[in-house]
Amino acid sequence: MNIAFAVVFVSLICFFETARHGVFSLSLPEITSVVYGALVLGAVVILRGDLISVIIRPKSTLYGTPRLIWTWPRTLFGVMLGPLLWVVPVLYGVVLLQITVLPDVSVAGLAASFAPFLLIAIAESLFLREAVIKAFSPRLAHIYVVSTLAVFIFHVADGVPQALISAGAGVYFLTLRLIGANILAVALVHAASMVVFSEALNLGIEAAQIWTYAGYFVAASIALSIFIYSLFSIRKEAFSHA
């Protein structure tokens, strides 16, 4: 299964780069739609019959182990923990006295922005997290390394610092899934994060600061992920009844 994931991922990246370089003469919105649609298709190829477990909670095991089952109580808990990641960029902006609320922010505007961000988050969560979990389960270290590298490579076209920030956030979102939250709920947290920091808040980070910020963000994301996983990951026998 891990070989299958690698083949699908490399194929998708080659397709993405080809599309981004204008080979297919697609507009930017068309490229975005095709790219994320291909991510969902890649997730379907890897997950196959297990795709139903994204919606319906498995009864005993998932991908060969009880530890990877999600539960509704854990899902609710994961959604509550999600905004903890926001503390990192907000504190950074506050300390440097450069964080501001974007002009013309409104509830209606944020709600309108949420739907497209949610579609993007679902596509990334299904392929870059859930499909990785299936392909590399039950080896936790492999899941973290492959998922983080996949997120970094997927976003590296946006610039290395931005790819590092995305990878750091990806570690945290993966941790929420691994402590028992539903992947769609994780996507909800991911989408909310994108809305907050692209449509509501401006951290005021200039080009000269982006590498420093990326380093702080990645380190904080990893530390927070380790803390949450060590705190809420419990014995396999107890987890199956959570």
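Values computed for the structure shown
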quantity	calculated
Largest to smallest principal axis extent of the C-alpha atoms in the range 134-242, angstrom	49, 27, 22
Length added when fully stretched, residue 80-residue 107, from 0.36 nm per residue minus Cα-Cα	7.7 nm
Accessible-area ranking of 51, 41, 203, 97, largest first, probe 1.4 Å	97, 41, 51, 203
Volume per residue of the C-alpha convex hull in the range 49-189, rounded to whole Å³	133
Full-stretch length increase - residue 206, residue 96 - with 0.36 nm per residue and alpha-carbon distance subtracted	38.4 nm
Cα point-scatterer Debye curve for the range 117-157, base-10 log of I(q)/I(0) at q = 0.20, 0.22, 0.26 Å⁻¹	-0.58, -0.67, -0.85
Carbon/sulfur fraction of accessible area - the range 1-157, other protein chains in place, 1.4 Å, %	76
Percent RCO, i.e. relative contact order, over the range 1-126, from Cα pairs under 8 Å lying at least 6 residues apart	27
Distance in nm between pseudo-label sites at residue 32 and residue 160 (7 Å out along the Cβ direction from Cα)	2.7
Fraction in percent of alpha-carbon pairs per bin - 5 Å, the range 3-103	2, 10, 12, 11, 11, 14, 16, 14, 8, 2, 0
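The values are calculated or read from the model by the stated rules, or taken from the named source; none is laboratory data. Keep in mind that this is a model prediction, so the values were computed, not measured. Note: ideal-geometry Cβ built from the backbone for every residue, glycine included; neighbour counts use all protein chains shown. For accessibility, only protein heavy atoms count, side chains too; no ligands or nucleic acids. Shrake-Rupley method; radii C 1.70, N 1.55, O 1.52, S 1.80 Å.
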